1. Check the straight Cα-Cα distances from Lys230 and name the aspartates and glutamates below 14 Å, setting aside those fewer than 8 residues away within the same chain.
2. Given the Cα-Cα distance of Glu59 and Asp258 and 0.36 nm per residue of separation, how much length would full extension add, in nm?
3. Which percent, nearest 5, of DSSP beta bridges in the chain are antiparallel?
4. Would you calculate, for the chain, the mean residue ellipticity at 222 nm contributed by helices, counting each DSSP H stretch of 4 or more residues as -39,500 (n - 2.57) and dividing by all residues, to the nearest 500?
5. Hey, any idea what % of the chain's accessible area is carbon plus sulfur with a 1.4 Å probe?
6. Just to be sure I understand: if I project the alpha-carbon convex hull of segment 75-165 onto a plane and average over all orientations, what area do I get in nm²?
7. What are the semi-axes of the equivalent ellipsoid for the chain, taken as the square roots of 5 times the Cα gyration tensor eigenvalues, largest first, in whole Å?
8. Write down Rg/Rh for segment 238-292, rounded to two decimals, with Rg from the C-alpha atoms and Rh from the Kirkwood relation over Cα pairs.
Amino acid sequence: MRTTSRLALTGIATVAALTLAACGGSSEGSESGDGKTMKLALNQNEEHPSFIALEAFGEELSEATDGRWDIEVHPNATLGAQDETIQLVSDGGVDLSIVSAPQLENLNDDFVVFSLPTVFDSVESQMSVINDQEVLGDVYSSLEESSNFSVIGGLTQGARSFYVEDGPIETPADMAGKKIRVQESPVFIAMIEALGASPTPMAYGEVYTGLQSGVIDGAENNEVSYFTQKHFEVAPFWSYSNHLVGADFLIANTGTLDSMSEEDRAAFDEAWQNAADNHTELWSEATESAIADAEAGGATFSEVDAASFTEALSPLIDQFVTTDSQKALLEAIKGATE
Ligand code: GCU
């Protein structure tokens, strides 16, 4: 396992922290007796199942702790893009954030396992292990010392597929030379290269204008993001590559967690598990309506030649799972899900 040294606060994160402090709160959140209202950073909008499930998480937590602990969800990346909110959670300016697995890959390369094709073959199998630290070992606590936060657990991102501006993709050959937006991660970059396309790392919130202006020709995501971020308006050809089932993680500042009594921490963990279950239930319905709504808005959904994608992407496992701890994590996941 490789972990980086404690994160340095970036200029942007500093500005965000100062803005928070100036808005009345402090970077410590609003204190109330034993607990406080924790700020949770999210890059999705209010229609997204993550926002809905996380709002309910806060309500349940507040009820269970007689109002000592509460959560204020800040949607639409108003507290920053995910790489910035990781810095803020590390520093304590923000208590909680939802971040995509590839963002953590840069801090501990064991996290690559969660983003590789073929690791999870369905949302159900992914969710059966993603909140189970008995299966996953100590990967979620691995960043406590180096980065000052813990991973509490995961939410599904569903299966991710490609979408482009100019016609359906059937095989990787149809992607040749296309500029495809990826999350800022070596695995995603390698994945696009393996398909013969050209990867362009970019923050989630910039994808719409990237597509609109032609900086990128396409992107990959799940149907819910495709619809809620309105990407279908500018890249109407969705092709079901289903190349991987992605994961989001809830990360929490260590100091905030340590300041919870044992009882309140148990309430927090229980409310989180309920939020994750609730999110999984909301997910399939949200996916169905995202497809219908995007189709009504002019998008087309088509199948790909799945075998040609599998062939191009399967070498990634051997390329990226190289250390003993990565191999142990992969084996643990496979052992629990197959
Ligand atoms: C999904 C995921 C986000 C992530 C985004 C992306 O929507 O839930 O956490 O930021 O994909 O592609 O960047």
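The values are calculated or read from the model by the stated rules, or taken from the named source; none is laboratory data. These numbers were taken from a predicted model, which means no experiment stands behind them. Cβ sites come from the backbone with ideal geometry, for glycine too, and all protein chains shown count toward neighbours. These accessible areas exclude ligands, DNA and RNA; they are computed on the full protein's heavy atoms, side chains included. Shrake-Rupley method; radii C 1.70, N 1.55, O 1.52, S 1.80 Å.
1. Leaving aside aspartates and glutamates fewer than 8 places away in the same chain, those within reach of Lys230 are Glu46, Glu47, Glu165, Glu206, Glu220, Asp293, Glu295.
2. Values: separation 199, 0.36 × 199 = 71.64 nm, distance 2.09 nm.
Length gained, Glu59 through Asp258: 69.5 nm.
3. For the chain, the DSSP antiparallel bridge percentage is about 60.
4. Helix-only estimate at 222 nm: -13000 deg cm²/dmol.
5. 49
6. Details: hull surface 28.3 nm².
Result: 7.1 nm².
7. Calculated on Cα positions only, the semi-axes equal 32, 22, 19 Å.
8. 1.16
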